[in-house]
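The values are calculated or read from the model by the stated rules, or taken from the named source; none is laboratory data. What you see is a predicted model; the values in this text were computed from it and never measured. We place every Cβ from the backbone using ideal geometry, glycine too, and count neighbours over all the protein chains shown. These area figures cover heavy atoms from the full protein model, side chains too; ligands, DNA and RNA do not enter into them. Shrake-Rupley method; radii C 1.70, N 1.55, O 1.52, S 1.80 Å.
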Amino acid sequence: MFDEERPERPDHGPLAGFTVGVTAARRADELGVLLQRRGAAVIHAPALRIVPLSDDSELLAATKQLIDQAPDIVIATTAIGFRGWIEAADGWGLGEDLLACLREVELLARGPKVKGSVRAAGLTEEWSPSSESMAEVLDRLLEEGVEGRRIAIQLHGEPLPGFVESLRAAGAEVVGVPVYRWMPPEDIGPVDRLLDATVSRGLDALTFTSAPAAASLLSRAEERGLLPELLAALHHDVLPACVGPVTALPLQAQGVDTVSPERFRLGPLVQLLCKELPARARALPIAGHRVEIRGHAVLVDGALRPVPPAGMSLLRALSRRPGWVVARAELLRALPGAGRDEHAVETAMARLRTALGAPKLIQTVVKRGYRLALDPAADAKYSDE
């Protein structure tokens, strides 16, 4: 288990010093807890909300249609969606009729979790792919032949690129069952704050667990005129992490490279961040210490040192040219909202040294500025670059 792995020191987790954004509406608390247990600071802003099943007239209409005219094949795509469908039908007094309908059709379940929900409802699936891949489901259907067959697919808010189109092109009639629908969040404020944190590089990673959430965030950024800035941040500084390749599609359509775990689950997504974020952190040998610069904190010889935002801005500016003198005027420009008074640099630098707990890491060069006290061997290396 990942929890049993130990970081360099027992007093912090592998994500300590990093800030991670969470866009999920569903299971956001679970993802947030997994991240926080590993030391991350979490900013949560649900990019969407889910319409409750029992209030969804579209699902009611689709359910009645299937009961009245049974399809040949039903594809269950998510465990929570399938359970919700059965529960909603029960609430409408249609539960037994729906189960009777599903017992008479060829029922396909995408993966083990969905299969578990199907069996919990007293049903038996005809087949389930070991890969949990909709592509494998599509291949099986096309191989069997679907011309003239009526296929109902439980939609789950995710786009299914090419899936429905391929079935229709092969002669099938496809009926969508909208088990839950995504809507914009009632309060857009948290989303705007998350966008602001992303474009200002206040985040180290941004997580997505559904394609609609990714599309919604991009749409909101475009509405605010922030889309170019958001894409620039995701290209260079903020790691976009998606639970799976389907979730990544809206981002990839904008040219954004994403990372995803091999298993499309929250746990592996967090494990991936535990690997990727520390690997992206800058580590330097300074004044006899190993200094690793993270998002809002620094590891000095493995000890976590939280640093104020102004101090992190100065440290990043110094680390871009380790060992070289950086002028006060340049450091002043790096400070957020510092104005024109170079005394602000001295004040922030004093606080930075205190936070690091090793004042000799940063040297003052009289009348010129400041430099990281890079160790001699490393100094020669970085001077050559």
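General observations
- GLU96 being farther than 30 Å from VAL298 by Cα, in a helix (DSSP H, G or I), open to solvent by 50 Å² or more (accessible area, probe 1.4 Å) and free of Cβ contacts under 8 Å to residues at least 24 places away in the same chain: yes
- Checking GLU136 against (1) under 26 Å from the mean Cα position of the chain (by Cα); (2) within 17 Å of ILE80 (Cα to Cα); (3) not hydrophobic (A, V, I, L, M, F, W, C), the condition it does not meet: (2)
- Members of segment 121-140 found to be more than 20 Å from VAL246 (Cα to Cα) and in contact with a Lys or Arg (Cβ under 9 Å, 6 or more places away or on another chain), listed by number: ALA121, GLY122, LEU123, THR124, GLU125, TRP127
- Matching residues in segment 135-163 - criterion: being modelled with pLDDT under 85 and at positive phi: GLY157, GLY162
- Some residue of segment 352-362 being over 19 Å from ALA41 (Cβ atoms), touching a residue at least 60 places away in the same chain (Cβ under 8 Å) and open to solvent by 50 Å² or more (accessible area, probe 1.4 Å): yes
- Cβ pairs under 7 Å, 6+ apart, first in segment 173-198 and among the acidic types (Asp, Glu), second part of a strand (DSSP E or B) and open to solvent by 30 Å² or more (accessible area, probe 1.4 Å): GLU186/ARG49
- The set of residues from segment 116-138 being within 23 Å of ALA62 (Cα to Cα), open to solvent by 60 Å² or more (accessible area, probe 1.4 Å) and out of contact with any Leu (no Cβ under 8 Å at 6 or more places or on another chain) comprises ARG119, ALA120.
- Selection of segment 149-158 for residues being closer than 13 Å to THR77 by Cβ and either among the acidic types (Asp, Glu) or open to solvent by 10 Å² or more (accessible area, probe 1.4 Å) (or both) yields LEU155, HIS156, GLY157, GLU158.
- Of all residues in segment 31-88 being in a helix (DSSP H, G or I) and among the charged types (D, E, K, R), the one that is farthest from VAL114 (Cα to Cα): ARG37
- Among residues of segment 99-115, those that are at pLDDT 90 or above and exposed (fewer than 14 other Cβ atoms within 10 Å of the Cβ), counted: 3
- Residue check for THR247: on the phi < 0 side of the Ramachandran plot, of a type outside the set (A, V, I, L, M) and open to solvent by less than 10 Å² (accessible area, probe 1.4 Å): yes
- Test: ARG168 is closer than 30 Å to GLY91 by Cβ, touching a strand residue (DSSP E or B) at 6+ places or on another chain (Cβ under 9 Å) and basic (Lys, Arg): no
- Of the criteria (1) assigned to a helix (DSSP H, G or I); (2) over 18 Å from ASP237 (Cβ atoms); (3) touching an Asp or Glu at 6+ places or on another chain (Cβ under 7 Å), which one PRO250 fails: (3)
- Taking the listed residues ALA79, ALA41, ALA70, ALA61, the one that is in contact with a Gly (Cβ under 9 Å, 6 or more places away or on another chain) and within 30 Å of GLY122 (Cβ to Cβ) is ALA79, with no other qualifying.
- Of everything in segment 139-148 that is exposed (fewer than 12 other Cβ atoms within 10 Å of the Cβ) and in a loop (DSSP other than H, G, I, E, B), the residue that is nearest to the chain's Cα centre (by Cα) is GLY145.
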